[in-house]
Amino acid sequence: MNEKTTMQWTQAQRAHKMNPSVIREILKVTEKPGIISFAGGLPSPKTFPVSAFREACDKVLREDGNAALQYAASEGYAPLREAVAAMLPWKVDPAQVLITTGSQQGLDLIAKILIDAGSRILVETPTYLGALQAFTPMEPEVVGVANDAEGVDLDDLASKATGARFLYVLPNFQNPTGRTMTEARRAALSAEAARLGLPMVEDNPYGDLWFDTPPPLPLTARNPEGCVYLGSFSKVLAPGLRLGFMVAPKALYPKLLQAKQAADLHSPGFNQRMVAEVMKGGFLDRHVPTIRALYKSQRDAMLAAMQREMPEGVSWNTPDGGMFLWARLPEGMNAIDLLPKAVERNVAFVPGWAFYAATPDPRSLRLSFVTSSVEQINIGIAALAAAIRDMQGQSVPAAQLAEAGA
């Protein structure tokens, strides 16, 4: 009887740099019955235009079924690329649009063609976890740049920009903080990046989800040759389609296309045709305002609940759009320690530490307000506040420690 041979798989060094998404792991916790989750960055299913896609699906299969189900061009479906170019607020050549399998693939392609081991790349503090996941396997030096309420701190940027391959930035309703870069800071950042010779990667999945006033003009519109722009259909149509897009300078586009071809040949042609069909006749102009109205009402409900329920020492911002609210716990508390206590009370959130390239703020946490009803928001925020008060009660006051000689 032959002995079985044990195979030894040797993994690449970059494989050891890959880590599971903290958010995806937390989402597993939210599958527990009765959990109110403020954790996931998921669009509300109420916003998915199911009937529009049902009609588009039927039409695409009836009129263009063979082509829709066949292999397709790596660049993307030409009418969809043209529609993307037409909807952007600066002059874009459709030949510069690359359709991607979600904007997350765009981050992966950028990492593959712009990052070498040891390359310096700059990110906001904090920044999108998915970008850190995409960049890290390429073994860069990821450097966080300070931010204030208006956006990137230009002095800190200048002190860290030497040799950097690019700055990754989310100017509109940022994930995780919900903050929006001001017009003045965008103008100054664009000028400073040009002075420094620093390319920028502008990620804008949430820009259409403004509540009262549209955000300022994108950074890419100010310097198209110095920026790569990422967009997504996940937040305005449906994430299950896995469709996003990139707008890249002509000098960069061919290599991004080659990386795309190596990754998946092309994004689903059938999905691309459906989206192009749905977008006809100004559909997004009618549909997106309904998303804004829903999300604004949910943001307002969460802000009111936070004001009503939270104990002294908890702070939070007021996002002007998007899906997220950023909060900080009282001095001495840690969001990671709070999470299991919150889950015991059937509410979940994402501790903020996962969004930092370097030293995290242990007191920070992200709350998503778009997938919960107003009733769930009220119940969940009350439960979260109760968990915070419980932790405060367990903490030993500084004065008591001093009296004990600690």
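The values are calculated or read from the model by the stated rules, or taken from the named source; none is laboratory data. This one's a predicted model, so the numbers in the text were calculated from it and none came from an experiment. Backbone-built Cβ (ideal geometry, glycine too); neighbour counts: all protein chains shown. Remember, those area values only see protein heavy atoms, side chains included, never the ligands or the DNA or RNA. Shrake-Rupley method; radii C 1.70, N 1.55, O 1.52, S 1.80 Å.
Below, the figures for the structure above:
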| item | result |
| --- | --- |
| Flag for Lys255 being open to solvent by 30 Å² or more (accessible area, probe 1.4 Å), of a type outside the set (A, V, I, L, M), outside any helix (DSSP H, G or I) and touching a helix residue (DSSP H, G or I) at 6+ places or on another chain (Cβ under 7 Å) | no |
| Selected residue [within 29 Å of the chain's Cα centre (by Cα) and over 28 Å from Ala348 (Cα atoms)] from Ser44, Ser51, Ser37 | Ser51 |
| Leading residue by the ranking (least open to solvent (accessible area, probe 1.4 Å)) among those in segment 46-69 that are under 30 Å from Gln258 (Cα atoms) and without any contact (Cβ under 8 Å) to a residue 24 or more places away in the chain | Gly65 |
| Out of Ala117, Ala111, Ala72, sole residue that is in a helix (DSSP H, G or I) and either surrounded by fewer than 20 Cβ atoms within 10 Å (Cβ to Cβ) or of a type outside the set (Ser, Thr, Tyr) (or both) | Ala111 |
| Where Ser232 falls short, out of the listed (1) surrounded by fewer than 18 Cβ atoms within 10 Å (Cβ to Cβ); (2) within 30 Å of Ala52 (Cα to Cα); (3) in contact with a helix residue (DSSP H, G or I) (Cβ under 9 Å, 6 or more places away or on another chain); (4) among the polar types (S, T, N, Q) | (1) |
| Test result for Ala221, in contact (Cβ under 8 Å) with a residue 40 or more places away in the chain, assigned to a helix (DSSP H, G or I) and farther than 21 Å from Arg120 by Cβ | yes |
| Count - residues of segment 183-201 that are in a loop (DSSP other than H, G, I, E, B) and either surrounded by fewer than 16 Cβ atoms within 10 Å (Cβ to Cβ) or in contact with a helix residue (DSSP H, G or I) (Cβ under 7 Å, 6 or more places away or on another chain) (or both) | 2 |
| Condition broken by Gly282, with the remaining ones in (1) open to solvent by less than 40 Å² (accessible area, probe 1.4 Å); (2) on the phi < 0 side of the Ramachandran plot satisfied | (2) |
